[in-house]
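Here's the structure, in structure tokens; my notes come after.
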Amino acid sequence: MKKVARKDIAELLAKWQKDFTVFVPSRDSGNAEMVVWDGKDVTFLDWYRNTIVPPKSKFLLNMEKMFGFSKDGRGYAIEAPAEAPPKQLIFGIRPCDARAIGIIDMVFKDSYEDRYYLSRRENSVLVGLTCANPYDSCFCTSLGSGPSESANVDLLLTDIGDAFVVEEITDKGKALMAGVEGEAGKEDEAKAAAVKQAAAAKVTRKIDTKTIAERLPAAFDNEKYWQKDAAKCVSCGICTFLCPTCYCFDINDEMLKGEGARYRNWDSCSFPLYTKMPAENPREAKWRRVRQKVNHKYTFYPMLFDVIACTGCGRCIRQCPVNWDITQTLNGVPAPAAAAEKK
Ligand code: SF4
Ligand code: SF4
């Protein structure tokens with residue numbers, strides 16, 4: 001393992017900036033999110049716990065021009081889509097969010113390969129940062145992960161105070177550290193292990209994933225349960241926009257005076273108008289939309305890809321304006337026998 005002094009992090013980012021567009025956590029916009037590094041500020045190392053806007057926004061843009069077009073008397077002329085984006089490095093991604101990117105990769109390279117998303121993914125490296133100070137809304141350890149999980153990152157850094165211990169996880173990660181001097185000693189590695197252990201112990205919120213695969217399908221038609229669960233939701237869509245594993249999008253063509261463009265933008269199954277364009281929303285009732293959101297992550301996605309599409313990042317709990325809490329929903333789903341009785 002390597003070791004980089006805290007005071008040398010800016011130098012390391014500057015080295016990487018020669019080859020990549022480097023993104024780091026920032027709260028300049030008012031919402032913590034990954035933004036292009038300004039070449040000097042590393043104060044995020046002191047305040048950063050996690051971003052509000054998940055790093056999926058660097059791959060699935062919240063709004064993206066897919067291509068332009070123009071129309072004249074003879075018909076439409078289509079502009080070629082933009083070239084592959086420049087190489088990008090996401091510094092400080094939390095393990096839960098790196099895991100989430102691995103989860104949505106499955107959709108974008110399934111039967112249809114989405115080049116807009118995949119070209120960014122292929123051009124990116126993920127530098128993870130052990131989550132030493134998780135929120136009380138985090139429950140990643142219930143989902144087979146944890147605050148120092150290295151799956152899907154290229155490097156994993158762990159803050160040991162005056163330095164970071166650096167684990168080179170992939171060949172891309174090794175290439176990033178080529179020429180960087182400084183090896184972690186036994187004492188540094190022991191400090192990093194202690195930070196990781198303490199971090200995992202701080203994740204005290206739990207869900208029962210053992211029985212959820214039985215309880216959720218059994219309670220699917222339990223309208224009473226879902227009505228009660230959804231009662232306070234105001235269908236604002238925040239929990240889905242900010243969820244690192246939600247990937248729904250809408251596509252619109254806009255045209256003015258013969259010049260136009262096709263845009264895609266984030267969409268949310270929480271909205272009453274969701275899927276209104278191709279047909280009517282089959283889930284007009286709010287409780288059906290809340291049920292869909294939960295079941296998509298915990299029932300349907302595992303059926304398709306054998307993985308739960310929730311990382312326990314806790315954003316939907318922290319950001320919901322009415323304190324809807326997915327862990328309460330999941331833990332409250334009645335057991336199969338009770339579910340059958342209550343229908
Ligand atoms: S953030 Fe809360 S209120 Fe908004 S859609 Fe989600 S559950 Fe409903
Ligand atoms: S459902 Fe909530 S806890 Fe799970 S990944 Fe999405 S935002 Fe995070």
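The values are calculated or read from the model by the stated rules, or taken from the named source; none is laboratory data. On a predicted model such as this, the values are computed, not experimentally measured, just so you know. No Cβ is skipped: glycine too gets one built from the backbone with ideal geometry, and neighbour counts run over all protein chains shown. We work out accessible area using only protein heavy atoms, side chains counted, and drop any ligands, DNA or RNA first. Shrake-Rupley method; radii C 1.70, N 1.55, O 1.52, S 1.80 Å.
Go through F271, Y225, S235 and say which Cα lies farthest out towards the positive end of the charge dipole of the chain; charges sit on Cβ, +1 for Lys and Arg, -1 for Asp and Glu.
It is Y225, whose Cα lies furthest towards the positive end.
Which is farthest toward the positive dipole end of the chain among G73, T209, A178, measuring Cα position about the Cα centre, with Cβ charges +1 (Lys, Arg) and -1 (Asp, Glu)?
T209
Not counting ligands, DNA or RNA, and with a 1.4 Å probe, what is E259's accessible surface area in Å² rounded to the nearest 10?
Roll a 1.4 Å probe over it and E259 shows about 110 Å².
Please compute the modelled spin-label separation between R27 and R115, points set 7 Å along Cα→Cβ, answer in nm with one decimal.
4.1 nm
Please work out the FRET efficiency for the pair K87 and D306, using the Cβ-Cβ distance as r and a Förster radius of 25 Å; give the result to the nearest 0.05.
That pair, K87 with D306, gives E of 0.20.
May I ask for the percentage of alpha-carbon pairs in the chain that lie more than 26 Å from each other?
54 percent
For region 123-279, just run the numbers: alpha carbon Rg, then divide by 2.2 N^0.38 Å, N being how many residues it has.
Normalised Cα radius of gyration, region 123-279: 1.48.
For I78 and K276, compute 0.36 nm times the residue count separating them, minus their Cα-Cα distance, and round to one decimal in nm.
This chain segment gains 68.6 nm when fully extended.
Between D38 and N265, what's the calculated FRET efficiency when r is the beta-carbon distance and R0 is 25 Å? Round to 0.05.
Once the sixth-power term is evaluated, E becomes 0.40.
Counting only heavy atoms of the protein chains, get the accessible area per residue of the chain (1.4 Å probe) and round it to a whole Å² value.
Each residue of the chain exposes 49 Å² on average to a 1.4 Å probe.
Based on Cβ point charges of +1 for Lys and Arg and -1 for Asp and Glu, what charge dipole magnitude is obtained for region 83-131 about its Cα centre, in debye rounded to the nearest 20?
Around 180 debye, computed over region 83-131.
In whole percent, and with a 1.4 Å probe on the protein chains, what portion of the accessible area of the chain is carbon and sulfur?
That fraction is 53 percent.
Quick one: accessible surface of D208, probe radius 1.4 Å, all protein chains present, in square angstrom to the nearest 10.
60 Å²
For region 1-124, what is one quarter of the convex hull surface built on the Cα atoms, given in nm²?
Taking a quarter of the hull surface, the average projection is 10.6 nm².
Roughly how big is region 1-62's charge dipole about its Cα centre, with Cβ charges of +1 (Lys, Arg) and -1 (Asp, Glu), in debye to the nearest 20?
I would put it at about 280 debye.
Tally Lys and Arg at +1 and Asp and Glu at -1 over the other residues with C-beta under 11 Å from the C-beta of P134: what net charge comes out?
Every neighbour counted, the sum reads +3.
Greater than 19 Å separation of Cα atoms is the criterion. Which listed pairs, K87/K172; K3/K56; K232/K293; K228/K293; K3/K191; K58/K196, meet it?
K3/K56; K58/K196
Quick check for me: using +1 on Lys/Arg Cβ and -1 on Asp/Glu Cβ, what's the dipole size of region 237-343 about its Cα centre, in debye to the nearest 20?
The dipole magnitude comes to about 300 debye.
Report the calculated FRET efficiency for D46 and S235 (r = Cβ-Cβ distance, R0 = 30 Å), to the nearest 0.05.
In this case the efficiency is close to 0.25.
Quick check of the Kirkwood formula: for region 27-99, what is the inverse mean of 1/r over all pairs of different Cα atoms, in Å?
Kirkwood radius, region 27-99: 15.4 Å.
Going through the cross-link list K7/K65; K109/K186; K65/K109, which pairs have a Cα-Cα distance over 32 Å in this structure?
Beyond 32 Å between Cα atoms: K7/K65; K109/K186.
Taking 0.36 nm per residue of sequence separation and subtracting the Cα-Cα distance, how much length would be gained by fully extending the chain between K210 and F67, in nm to one decimal?
So the chain would gain 47.0 nm between K210 and F67.
Express in nm, to one decimal, how much length is gained between K228 and V180 on full extension, taking 0.36 nm for each residue of separation and deducting their alpha carbon distance.
Length gained between K228 and V180: 11.7 nm.
Under a straight-distance cross-link criterion of Cα-Cα below 17 Å, which lysines are reachable from K257, leaving out those fewer than 8 residues away in the same chain?
Result set, ordered by chain and number: K71.
Could you work out the helix-only [θ] at 222 nm for the chain, with each DSSP H run of four or more residues adding -39,500 (n - 2.57) and the total divided by the number of residues, to the nearest 500 deg cm²/dmol?
-9000 deg cm²/dmol
Along the charge dipole of the chain, which of I326, G39, C313 sits closest to the positive end, that is, farthest toward it, with unit charges on the beta carbon of Lys, Arg, Asp and Glu (+1, +1, -1, -1)?
Working it through, the farthest residue towards the positive pole turns out to be I326.
How long are the semi-axes of the equivalent ellipsoid of region 264-326, defined as square roots of 5 times the Cα gyration tensor eigenvalues? Whole Å, largest first.
In descending order the semi-axes read 20, 17, 12 Å.
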